[in-house]
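The numbers here are math on the coordinates, done by the rules we state, and not lab data. Keep in mind the model is a prediction, meaning the values are calculated, not measured. With ideal geometry, Cβ positions are generated from the backbone for all residues, glycine too; neighbour counts draw on all protein chains shown.
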Amino acid sequence: MTTSVEAQVLQGVELFDGLNDDDFRSLLPAFDETTVTAGQTIFAAGDSERALYVLLQGTAEVDLEPPRAGERVVAELAAGSVFGESSFFHASPHSATVKARTEVRLLKLNRPAYDDLLKRGNLAALKVAANTANILAARLQSADRFILELLEQIRDEKIRAAVMRFRNAMSHSFSSTVHPSMQVGSMQ
């Protein structure tokens, strides 16, 4: 099912920054609109579906299974949130589960539909990619600040060394294989 969402509803959603009415007209038919009931899984950790989601209404949560560091829910998503972007742009399984907390209304862009937009030279699709890069960069910078704050609090050299290996691995191009320094059990 394609979307009946109008461009005005999407104003203020970071994914659509800088898009004009013509951009929306060319882009929105590629999206599907769906409703998910409270408690239902939108996608699960390990799923390999490549789709980009925009939360229009309701709330959802990002859930780690199994819990890590005693936490299970690591983020709550509200209207306007964009998620699924990592697996959408980098073919890899989802690392977390996203569940509807309340009934949610979503826009979903499947990767094949996006690729079709690109093949047709759709400029709006490139704007979405640039906006997604901005979203990911902001999230990465936030994670980096958080790690630095933790390092200031932690004096353990093994943890510091592990973080340095992580930062080194992040400076390399991503591939489908895990960097040797990031493999489980390499915190020596």
Revision key, fill the gap. The stretch 7-141: relative contact order from alpha carbon pairs under 8 Å, six or more residues apart, as a whole percent, is 36
Point to revise | Per-residue ³J(HN,Hα) for the stretch 112-126, Karplus 6.51 cos²θ - 1.76 cosθ + 1.60, θ = phi - 60°, Hz, x for Gly and Pro | key: x, 5, 5, 4, 5, 4, 4, 4, 8, x, 6, 5, 4, 5, 5
Review point. Per the Cauchy relation, a quarter of the hull surface: what is the mean projected area of the convex hull of the alpha carbons in the stretch 71-127, in nm²?
Key: 5.1
Study note, to complete from the structure: Using alpha-carbon coordinates alone, the radius of gyration and Dmax of the stretch 7-141 in Å work out to 14.7, 47
Review point. Sorted by average packing, counted as other Cβ atoms within 10 angstrom per residue and highest first, what order do 10-20, 93-103, 131-141 take?
Key: 93-103, 10-20, 131-141
Review point. Using modelled amide H (1.01 Å from N, peptide plane; none on Pro or chain starts), what sits under 5 Å from the amide H of A79, excluding residues fewer than 5 places away?
Key: G58
Revision key, fill the gap. The farthest towards the positive end of the charge dipole of the stretch 7-141, of the residues G46, L15, L64, given +1 on Cβ of Lys and Arg and -1 on Cβ of Asp and Glu, is G46
Practice item. Using 0.36 nm per residue of separation minus the Cα-Cα distance, give me the extension gain between R120 and S142 in nm, one decimal. Key: 4.4 nm
